[in-house]
Amino acid sequence: MNVKVQKTTLATIKPFRSLFLQEINVQIRYNACHERGWSDSYQLSIDQQMVGYGSVKGQEISDRDTVFEFYVLPAFRRYTTPLFEELLKVSKATYLECQSNDAHWSSLVYEFSQNINADTILFEDQCVTDWVMPDVQFRPRRDDEPHIEGAGAYVLERAGRIVATGGIMLHYNIPFADLFMEVDKDCRENGLGSYLLQELKRECYQQGRVPAARCSIANKASKATLLKAGFKVAGFMLLGTVKG
């Protein structure tokens, strides 16, 4: 058996990435790294037959020190270990990063890395909520309204004042989209965030997308808001350093 790993183009790995996305069927946090040119692609071969791919990005955008995707066709997964060891050798990566809801890849992160930690919680939609706020209007932000950097395309308005803003990010793998929101500091802890997320979820489905979200593992308020809006914890972002 001849195992070979070599750098290749994004176009070469795309068919295998399509299989990966179909198999995992969850939102991929770093999906946009490929199209934005923030990663290097590697072809995994056995006896000159391509059987998978690996992708390496950086903890900083310009670097290439972190394996963040690794996929092998199911029929060849008994060769996962030698393929992965060769990828580490060729890429010289020092970090491994994965989503814990990717069973195949996360098992390798646990096996081949140490000092593993999680800084981000991943959420997926679980149920429909029916929060009602008669005095609050959910609507798109108008072009003539001041645009604050980082603010979303939708707002909550109460008594003529915008009290919260949020949006839907579409640069993730189809059909998934990422929801985000921000509530004015003096209006928090009264349900506005969960109500805004509820309405953003409805808008997201209307656009033919499946809502997802994430927040810092230390942000207890955001976690509570997302759970109240009908999301559930789907996994965590794990980062470890390569052993040895």
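Considered as a group, the residues in segment 189-233 that are among the basic types (Lys, Arg) and loosely packed, with under 15 Cβ neighbours inside 10 Å include one that is nearest to LEU170 (Cα to Cα), and that residue is ARG202. Scanning segment 180-187 finds no residues that are out of contact with any helix residue (DSSP H, G or I) (no Cβ under 9 Å at 6 or more places or on another chain), within 18 Å of LYS232 (Cβ to Cβ) and of a type outside the set (Asp, Glu). Residues in segment 41-85 that are part of a strand (DSSP E or B) and in contact (Cβ under 8 Å) with a residue 24 or more places away in the chain: 21 in all. Every condition in (1) under 30 Å from LYS92 (Cβ atoms); (2) modelled with pLDDT of 95 or more is met by HIS171 except one, and the failing one is (2).
The number of residues in segment 1-40 that are in a strand (DSSP E or B) and either among the acidic types (Asp, Glu) or farther than 20 Å from LEU88 by Cβ (or both) comes to 1. Remark: pairs (first residue in segment 169-182, more than 13 Å from ARG214 (Cα to Cα); second residue basic (Lys, Arg); Cβ separation under 6 Å; 6+ apart in sequence or on different chains) = PRO175/ARG209.
Scanning segment 55-75 for residues that are out of contact with any Phe, Trp or Tyr (no Cβ under 9 Å at 6 or more places or on another chain) and within 14 Å of LEU19 (Cα to Cα) gives PRO74, ALA75. Whenever a residue of segment 110-132 is exposed (fewer than 11 other Cβ atoms within 10 Å of the Cβ), its partners that are hydroxyl-bearing (Ser, Thr, Tyr), lying with C-beta atoms within less than 8 angstrom and at least six residues away or across chains, give the pairs ASN115/THR241.
The values are calculated or read from the model by the stated rules, or taken from the named source; none is laboratory data. Quick caveat, the model's predicted, so the values are computed rather than measured. Cβ coordinates were reconstructed from backbone atoms using ideal geometry, including for glycine residues, and neighbour counts include every protein chain displayed.
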